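Please treat every number below as a calculation from the coordinates, not as lab data. If you're wondering where the values come from, they're calculated on a predicted model, not measured in any experiment. No Cβ is skipped: glycine too gets one built from the backbone with ideal geometry, and neighbour counts run over all protein chains shown.
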C-alpha cells in the first residue's frame, strides 16, 4: 500500500480482508497509526530506489498512489515492482484522462503514468474517479466561522464520488484476479454544483449558509501562494471544463457490481462527516 495516509488509501487499508497481510509504505513509519491486525509498516520513498526495492520485496499486489505533480515516482516504483515479481498493481488515476479536451499539465502526467503501468509487463487495474466529495472539507473553516462557502464557480457541476466507494472498489480489485486488465471510471450517483452541496450542508446543519462565488482572479491569487504557475494554469483549465459541463456523466455500474451496494450520495457523505463543519 502506498498513499495509506491519504483520503482513499487509509480507507482501502480498513477494507482489505483480514486474511491478507498488508504492508504500508510511508516516508515516516514512526508516525503512521493503524488499528488493522496483520499490518506491516515500512519506510519508503519514491525518490529512493533502494527503499522501494525493500518495500515491494515479497509483495503480491500493490496499490499505487502518486502525485501527478511529480515525475519519476511511477517509473521507479514500477521498476522495483517488476524486479520483485509483484503480480498485480492497482493504480489510482483520474477520470479526466478520458476527456480528449483535457490537455492540462496534471492530466497529461496522469495519462503518462497510466501508459507506464500498462506497458510495464505487470498485471494492472486502473481506477479513474471523479472529484472527491471530501474536497468540500476545505469549506469547513469558513462554514464554522462565517456560515459561508467560497467556491470558484458555484454553479459548476461534477459527479463527485465518496472516497469510501473508491476504497471499496480498490479493496476488491486488489484481492480478486478477474479485475486485471480493466480500467474503471468511478463517479457518484448525481452531478452536483457547489451551490447544491452548500444547500445540503445547510439543511443538515440546521442553519443557512451562503455560497460565495470566488471567481478565477481570486482563485488564481490563492493558488499561486502554494503551486507553481503551470499547476495554477492546469487547475484553472480543469475548473473551466467542469463549468462547461464535461464532468457530469455518471458511471456507477462498477461500484454496484463490484461492492454490492450503490454509490453513496453526497447527503450520506455529509451526514457521516458533519462534525467537521460544526
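Here are a few things to note about the model shown:
- Look at where the Cα atoms of region 241-265 and of region 118-167 average out, and the two centres are 12 Å apart.
- Counting every other Cβ atom within 10 Å of each residue's Cβ, 28, 241 order from fewest to most as 28, 241.
- Across region 152-249, Cα-Cα distances exceeding 16 Å account for 69% of all pairs.
- Helix-derived mean residue ellipticity, 222 nm - over the chain, DSSP H n ≥ 4, -39500 (n - 2.57), to 500: -11500 deg cm²/dmol
- Paramagnetic label reach from residue 87 (point 7 Å along Cα→Cβ; backbone nitrogen cut-off under 16 Å): within region 98-123, residues 122-123.
- Packing-based exposure ordering (other Cβ within 10 Å, fewest first) of 11, 216: 216, 11
- Computed FRET value (nearest 0.05) for residue 267 with residue 21, which takes r as the C-beta separation and R₀ as 25 Å: 0.10
- Ranked by how many other Cβ atoms sit within 10 Å of their own Cβ, fewest first, the residues 32, 184 fall in the order 32, 184.
- C-alpha long axis of helix 229-243 to longest principal axis of the chain, angle in °: 60 degrees
- For region 100-133, the residues whose backbone nitrogen is under 17 Å from a point 7 Å from the Cα of residue 69, taken along Cα to Cβ, are 104-110, 132.
- Between residue 119 and residue 182, the distance separating the two model label sites (each 7 Å from Cα on the Cα→Cβ line) works out to 2.6 nm.
- Förster radius 35 Å - calculated FRET efficiency between residue 60 and residue 146 (Cβ-Cβ, nearest 0.05): 0.10
- The angle between the Cα long axis of helix 163-175 and the main principal axis of the chain comes to about 20°, on a 0 to 90 degree scale.
- Remark: spin-label model distance residue 47-residue 256 equals 4.6 nm, labels positioned 7 Å along the Cα→Cβ axis.
- The chain: angle of helix 194-205 to the longest principal axis, Cα-based, in degrees nearest 10: 80 degrees
- Kirkwood hydrodynamic radius of the chain, Cα pairs, Å: 19.8 Å
- You can think of it this way: the chain between residue 220 and residue 278 has 18.0 nm of extra reach, that is 0.36 nm per residue less the Cα-Cα gap.
- Sorting 111-117, 156-162 by average packing, meaning the other beta carbons within 10 Å per residue, from highest down gives 156-162, 111-117.
- Pairs of Cα atoms nearer than 8 Å and 6+ residues apart set the relative contact order; for the chain it is 19 percent.
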